[in-house]
Amino acid sequence: MNNPFYKIIDQEEVIFEHVYKNKLPLLLKGPTGTGKSRFVEFMAHKMGKQLYTVACHEETSATDLIGRYIIKGAETIWTDGPMTRAVREGAILYLDEVAEARPDIIVALHSLTDHRRTLFIDKTGETVRAKDDFMLIATYNPGYQKGFKELKPSTRQRFVSLSFVYPEPKIESEILISETNVEEAIAKKLIKLGAKIRNLTELGLAETVSTRLLVDAAILIKSGLPQRLACNVAIAEPLTDDNDTLEALKDLISLSI
Ligand code: ADP
């Protein structure tokens, strides 16, 4: 895989290196689209490490992560899940949106996130000690928005935590240009529009415009879609289903773009 582009925002790279060196688990906090996954891909590539990513959702269970018996012909064969593979191989296990998963995965995480660094596979009775260079990373979308689950304080305290926020305009503009090759003037307009929407708390959006949405708009503009239309479909529509809010966003787009 090519080196993923990631624009360093603050101290995250050096913090990551120290957390890894000291075999601690890492929690990345922040709203969607702020570069958490890209950062992990970038660091995994930089360190030459295998990365196992699990996008957690409400059906994700410990079995999905640890493994299961699979019937093959007349035989029943144990198959490691991504967590077990990462633990055995000394890879990075990346649990995206860990709070969304079923509570039984939190139990499985306990012995992995403390000094024991072990994983107990109850179905086989095996206790797997994590290889020295195993690293656990999880992400969490803080619970101030509707619809997102909370992560219990006792679980949060098991991780060293790093916050991701929307980057400042200069950096966000660099990201847009590097990601899409869009002209600087258009990048600036998109960033300004993003800032306006982020400031409009009265719109009552569950989550506001992320760097990801601005990148998507820039991609469509670069591909030749008219600018306002690109912003309507890449920014306004993904943010809300409420007609009044949608109209307000589209008006704002017409004024800004
Ligand atoms: P998250 O995991 O926080 O939901 P992603 O890592 O998937 O977000 O980022 C979404 C998109 O935003 C990426 O595909 C990339 O285009 C862009 N992006 C956000 N932050 C950065 C950054 N610091 N460097 C490079 N790209 C970024």
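The values are calculated or read from the model by the stated rules, or taken from the named source; none is laboratory data. In this text, all values refer to a predicted model and were calculated from it rather than measured experimentally. Reconstructed Cβ throughout: ideal geometry from the backbone, glycine too, with neighbour counts over all protein chains shown.
Scanning the range 4-49 for residues that are hydroxyl-bearing (Ser, Thr, Tyr) and in a helix (DSSP H, G or I) gives 20, 37.
For every residue, the table says whether it meets (1) assigned to a loop (DSSP other than H, G, I, E, B); (2) among the β-branched types (Val, Ile, Thr); (3) surrounded by fewer than 15 Cβ atoms within 10 Å (Cβ to Cβ).
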{"residue": "132", "(1), (2), (3)": "yes, no, yes"}
{"residue": "137", "(1), (2), (3)": "no, yes, no"}
{"residue": "151", "(1), (2), (3)": "yes, no, no"}
{"residue": "154", "(1), (2), (3)": "no, no, yes"}
{"residue": "158", "(1), (2), (3)": "yes, no, no"}
{"residue": "162", "(1), (2), (3)": "no, no, no"}
{"residue": "165", "(1), (2), (3)": "yes, yes, yes"}
{"residue": "171", "(1), (2), (3)": "no, yes, no"}
{"residue": "185", "(1), (2), (3)": "no, no, yes"}
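If the condition is being charged (D, E, K, R) and within 16 Å of residue 165 (Cβ to Cβ), then the range 181-219 contributes 198, 207, 212. Residues in the range 4-14 include at least one that is of a type outside the set (Gly, Ala, Ser) and away from the ligand (no atom under 12 Å from the Cβ). Among the residues of the range 26-46, is there at least one that is over 13 Å from the mean Cα position of the chain (by Cα), away from the ligand (no atom under 16 Å from the Cβ) and modelled with pLDDT of 95 or more? No, the conditions are met nowhere in the range 26-46.
From the residues in the range 86-107 that are more than 22 Å from residue 152 (Cα to Cα) and surrounded by 18 or more Cβ atoms within 10 Å (Cβ to Cβ), which one is farthest from the chain's Cα centre (by Cα)? Out of the qualifying residues, it is 87.
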